1. Looking at (1) closer than 28 Å to GLU217 by Cβ; (2) buried (at least 17 other Cβ atoms within 10 Å of the Cβ), find the lone condition where ALA594 falls short.
2. Would you please name the residue that is surrounded by the fewest Cβ atoms within 10 Å (Cβ to Cβ), looking only at residues in the range 314-338 that are within 17 Å of the chain's Cα centre (by Cα) and farther than 19 Å from TYR271 by Cα?
3. Mind listing whichever residues of the range 47-73 are surrounded by fewer than 17 Cβ atoms within 10 Å (Cβ to Cβ), more than 28 Å from the chain's Cα centre (by Cα) and assigned to a loop (DSSP other than H, G, I, E, B)?
4. How do the pairs read when you match residues in the range 222-233 that are closer than 18 Å to ALA136 by Cα with residues anywhere that are among the hydrophobic types (A, V, I, L, M, F, W, C) and surrounded by fewer than 22 Cβ atoms within 10 Å (Cβ to Cβ), using Cβ under 6 Å and keeping only pairs 6 or more apart or on different chains?
5. Out of (1) closer than 30 Å to GLU60 by Cβ; (2) in contact with a helix residue (DSSP H, G or I) (Cβ under 6 Å, 6 or more places away or on another chain); (3) of a type in the set (Gly, Ala, Ser); (4) surrounded by fewer than 23 Cβ atoms within 10 Å (Cβ to Cβ), what's the single condition that is false for GLY352?
6. Please indicate, with yes or no, whether at least one residue in the range 20-42 is at pLDDT below 95 and in a helix (DSSP H, G or I).
7. So THR288 fits all but one of (1) in contact with a helix residue (DSSP H, G or I) (Cβ under 8 Å, 6 or more places away or on another chain); (2) surrounded by 24 or more Cβ atoms within 10 Å (Cβ to Cβ); what number is the exception?
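The values are calculated or read from the model by the stated rules, or taken from the named source; none is laboratory data. Treat the numbers as computed from the prediction; the structure is a model and nothing was measured. With ideal geometry, Cβ positions are generated from the backbone for all residues, glycine too; neighbour counts draw on all protein chains shown.
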Amino acid sequence: MATEPQTAGSEQLERELAELLAVERFEPPREFREQALLKDPAIYAEAERDPLGFWSAQAEQLHWFRRWDRVLDDSDPPFYKWFTGGTINASYNCLDRHVEAGRGDRVAFHWRGEEGEERDITYAQLLADVQRLANALKALGIGKGDVVGIYVPMIPEVVVSMLACARIGAPHNVVFGGFSAEAVRERMEFSQAKALITVDGAARKGKTAPVKERVDEVMGDLETLEAIVVIRSKGTPCSMREGRDVYYDEIVAAADPDCPAEPLDAEHPLYILYTSGSTAKPKGILHTTGGYLTGVAATHRYVFDLKPDADTYWCAADVGWVTGHSYIVYGPLCNGATSVMWEGAPDYPDRGIWWALVERYGVSILYCAPTAIRACVKWGAEWPRRHDLSSLRLLGTVGEPINPKAWLWYHKVIGGGRCPIVDTWWQTETGAIMITPLPGITATKPGSATQPFPGVRAEVRDESTGQPMQEGQGLLVLTRPWPSMLRTLYREEERFVETYFARFGPETYLVGDAARVDKDGYVWVIGRIDDVVNVSGHRLSTAEVESAIVAHADVAEAAVIGQHDEDTGQAIVAFVTLQGELEGDDSVVEGIRATVAERIGKFARPKRIIWTDDLPKTRSGKIMRRLLRDIAEGRELGDVTTLRDPAVTAKLKERVAELQAAEG
């Protein structure tokens with residue numbers, strides 16, 4: 001039979017992975033170590049001895065119009081300022097200096113559309129496009145300090161838009177293309193955006209979705225929004241409002257070709273990026289220019305051991321998330337890298353597309369999410385084995401913890417056993433990678449992010465005493481400021497202090513993740529401690545999803561939790577109480593899922609909906625999501641002394657047990 005060799009190969013791979021599971025640590029391959037940018041572990045002690053000297057040396061790698069007077073101003077914690085007195089421009093660092101150094105013909109991005117379209121964009125072309133768009137934005141009345149929204153899929157114009165904003169000092173507010181138009185409106189409203197750059201339509205798995213049309217439905221009465229710039233990407237028909245809407249290609253063609261980069265204060269805001277908080281209102285993370293560029297350029301260079309003259313780098317994320325900001329746009333372009341940009345999904349037109357792209361462009365560094373790796377494991381090793389992956393020399397993961405078996409599959413099947421894996425931990429708030437192996441130095445352990453990057457100080461603290469732990473599980477904290485840290489929450493300084501610095505004081509940043517530190521000092525990140533779920537690397541607040549569910553006409557109340565899921569890391573499980581005597585059925589389930597997709601995006605739809613007459617609440621009326629997690633995972637219930645009605649949990653346990661029996 002035709003399937004026999006494939007089955008035999010799968011069994012052989014399973015045996016090999018089972019053997020590798022017994023291996024505790026993986027040393028950097030000798031050949032890799034010999035060629036690595038960083039190969040001496042002394043870098044850690046040097047950075048620890050003089051962290052400001054270390055970060056100053058990294059900042060020296062950038063172009064400054066005026067050098068800073070002071071590396072760190074820590075006079076008003078937690079409102080830290082880096083490289084004060086210095087002036088800099090992100091767009092200049094990403095483009096002009098490379099062109100001026102004679103590297104204008106280097107490809108910045110090999111772009112590939114999901115139907116096979118290809119565009120190679122050089123640094124010189126990118127600079128020309130950015131200057132014209134920057135002038136076009138100025139002509140629309142956009143100036144220094146004005147917020148510009150960007151709701152654009154993975155096409156080169158998204159990078160042009162970001163860098164054009166950075167060039168003139170207009171902070172950008174990028175919204176992930178998978179978010180609904182309502183979510184875009186909310187973020188434009190919160191940030192008081194003056195303009196929005198978007199597209200006529202976007203491709204997804206062979207279909208074209210209207211984008212501008214959806215934006216028009218919700219953006220009409222937003223007073224601060226003076227202009228909408230529309231990129232003609234897919235030829236999707238859309239209406240244009242006189243006096244507000246303009247076409248990207250027309251304003252760029254009419255613009256002056258020369259736009260000098262504006263020298264900006266090191267602390268000038270570069271961008272706002274909204275991320276989910278533990279309340280329904282998203283948090284506007286504010287990053288500034290000098291410190292952020294220092295952090296992303298240094299980590300991109302050393303974590304990925306970048307050799308810009310030889311490497312082809314691919315971060316298979318989306319620009320709408322911080323990973324795309326830091327490791328598709330600013331880090332790689334600051335370092336003069338050649339990158340791949342892929343418009344589509346990992347399984348269209350087939351499940352081998354990623355590996356076809358690796359082969360097509362000779363990708364040497366691949367950085368992706370554990371969710372994608374788990375999907376590839378599920379699809380089978382035959383897909384990558386159809387392609388030549390010998391160009392790969394380094395692999396990375398981002399967005400959530402990776403389980404050891406997926407790590408080993410990535411190591412064996414994709415890396416051929418020869419590529420170090422950098423399992424990186426960081427957040428929207430940190431701006432850049434915080435905990436990671438250095439591939440020429442660190443012995444890796446599957447599932448561990450290993451150690452803080454040089455110059456970064458992290459601790460795991462006992463949840464009860466707040467004391468640092470040498471070994472064991474507790475709360476992850478960062479105990480020293482770092483250049484790429486968020487400066488505040490946009491227009492919400494009190495919330496910034498309350499969220500990150502209330503627990504341990506203004507000099508200790510509370511990450512919001514639980515972590516374990518082992519006997520070797522390696523950090524193992526476990527997951528969120530607050531009411532935030534992580535689905536395929538996308539952070540969502542439970543309150544945000546609950547608000548969307550309750551918007552359905554039949555729903556009276558809802559509580560959402562994240563439950564372990566083999567494919568997506570966590571899946572959203574919703575406990576839902578319907579209005580009056582209504583009974584839940586498949587049509588209501590689909591209606592709720594559609595409501596969530598419309599209000600947030602398809603990725604936020606609950607995987608499971610469990611009907612319940614009531615929810616476990618404290619005597620003061622707060623929903624006890626901790627108990628819902630225990631029930632869903634089949635664990636013994638923790639402390640129930642504050643529970644108002646113990647009968648509710650008993651009924652829910654019965655209901656969940658019935659569902660699990662029916663499913664399995």
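1. Tallying (1) closer than 28 Å to GLU217 by Cβ; (2) buried (at least 17 other Cβ atoms within 10 Å of the Cβ), ALA594 fails exactly one: (2).
2. Let us first name the residues in the range 314-338 that are within 17 Å of the chain's Cα centre (by Cα), namely 314-332.
Next, only the ones that are farther than 19 Å from TYR271 by Cα stay: 314-316.
Working: TRP314: 25, CYS315: 27, ALA316: 23.
Per the criteria, the residue is ALA316.
3. ASP50, PHE65, ARG67, ASP69
4. Between residues of the range 222-233 that are closer than 18 Å to ALA136 by Cα and residues that are among the hydrophobic types (A, V, I, L, M, F, W, C) and surrounded by fewer than 22 Cβ atoms within 10 Å (Cβ to Cβ), the close pairs are ALA227/LEU140; VAL229/VAL246.
5. GLY352 satisfies all of (1) closer than 30 Å to GLU60 by Cβ; (2) in contact with a helix residue (DSSP H, G or I) (Cβ under 6 Å, 6 or more places away or on another chain); (3) of a type in the set (Gly, Ala, Ser); (4) surrounded by fewer than 23 Cβ atoms within 10 Å (Cβ to Cβ) except (1).
6. Yes; the residues of the range 20-42 include at least one that is at pLDDT below 95 and in a helix (DSSP H, G or I).
7. (1)
Residues checked against (1) buried (at least 21 other Cβ atoms within 10 Å of the Cβ); (2) free of Cβ contacts under 8 Å to residues at least 12 places away in the same chain; (3) in contact with a strand residue (DSSP E or B) (Cβ under 8 Å, 6 or more places away or on another chain):
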| site | (1), (2), (3) |
| --- | --- |
| LYS412 | no, no, no |
| PRO420 | yes, no, yes |
| PRO437 | yes, no, yes |
| ALA443 | no, no, yes |
| ASP462 | no, no, yes |
